[in-house]
């Protein structure tokens, strides 16, 4: 296998207190950010409402769009510019149900046709979700995430040991929450696409954790006389090149999607880029130190088989 770093001898566990402190600080920032924003920026998928994407032939100031919507009784609508051309806008309203889906787009088109006759516009897409459906989707997304955590805990505990399962789930929670923290700081919208990205992050992160855990288990069998912390450090160094190469190749693909993909793919790639970076960090600096700390406080007797 290609080795990016030849025979590394890094003491990863030595910096565990520092890395735990950094992670704790970021999680605290995330909690403060979520509270400051009044919760997460839930999208139409979860809150219910109507989303209209409109494109103009010429560039238009976003202030004029908001003023026109106010005349239509949609002053509280959220308006965002899409892209740098100032020609496309995303309009979110609280109007829900069949009525909202079938009439709002026509009303908006008629409004801008009247107000801006020299700047033709067209509706690119329209989405409508009822409040009850949005609430159900939010709970289903939460349950999907919790079931993923539970399934991984059971699998890793069965495949390795319970301590490895707990460490892996803690790392996954760490990865997901820090990703949510960054998205909250930039006030990104949480949609079904975001939830899909978070579940993908869980799948990616656990893969790296399992590779490292498997190497630790193999080394325990042949180095059973050594201190557990030394076995962990050796295992981390042995898998370091693989971890870095895998993460860099994944990031390269994700950055390409972000730069070349459309809006939906960009919304999917942003949390994935964050998650891959954080997941690589946690597999090295969270999972293994947690297992080592557990072994230090509740030592088990590893014997050569």
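Points to keep in mind about this one:
- Residue 184 being buried (at least 18 other Cβ atoms within 10 Å of the Cβ), farther than 17 Å from residue 207 by Cα, in contact with a helix residue (DSSP H, G or I) (Cβ under 9 Å, 6 or more places away or on another chain) and touching a residue at least 24 places away in the same chain (Cβ under 8 Å): yes
- Elements of type helices (runs of 4 or more DSSP H) in segment 188-305, at least 3 residues being under 28 Å from residue 127 (Cβ atoms) and in the same structural domain as residue 150 (by the TED database): 192-222, 228-260, 263-282
- Residue 121, sole failed condition from (1) out of contact with any strand residue (DSSP E or B) (no Cβ under 8 Å at 6 or more places or on another chain); (2) surrounded by 14 or more Cβ atoms within 10 Å (Cβ to Cβ): (1)
- Condition check for residue 267: closer than 30 Å to residue 43 by Cα and in contact (Cβ under 8 Å) with a residue 24 or more places away in the chain: yes
- Residue in segment 28-70 that is surrounded by the fewest Cβ atoms within 10 Å (Cβ to Cβ), counting only those that are touching a strand residue (DSSP E or B) at 6+ places or on another chain (Cβ under 9 Å) and part of a helix (DSSP H, G or I): 62
- None of 247, 209, 205 is in contact (Cβ under 8 Å) with a residue 12 or more places away in the chain, touching a helix residue (DSSP H, G or I) at 6+ places or on another chain (Cβ under 8 Å) and surrounded by fewer than 20 Cβ atoms within 10 Å (Cβ to Cβ) except 247.
- Residue within segment 156-171 that is outside the structural domain of residue 88 (by the TED database), surrounded by 15 or more Cβ atoms within 10 Å (Cβ to Cβ), under 24 Å from residue 49 (Cβ atoms) and at pLDDT below 85 present: no
The values are calculated or read from the model by the stated rules, or taken from the named source; none is laboratory data. Keep in mind the model is a prediction, meaning the values are calculated, not measured. Ideal geometry is used to build each Cβ from the backbone, glycine not excepted, and the neighbour counts take in all protein chains shown.
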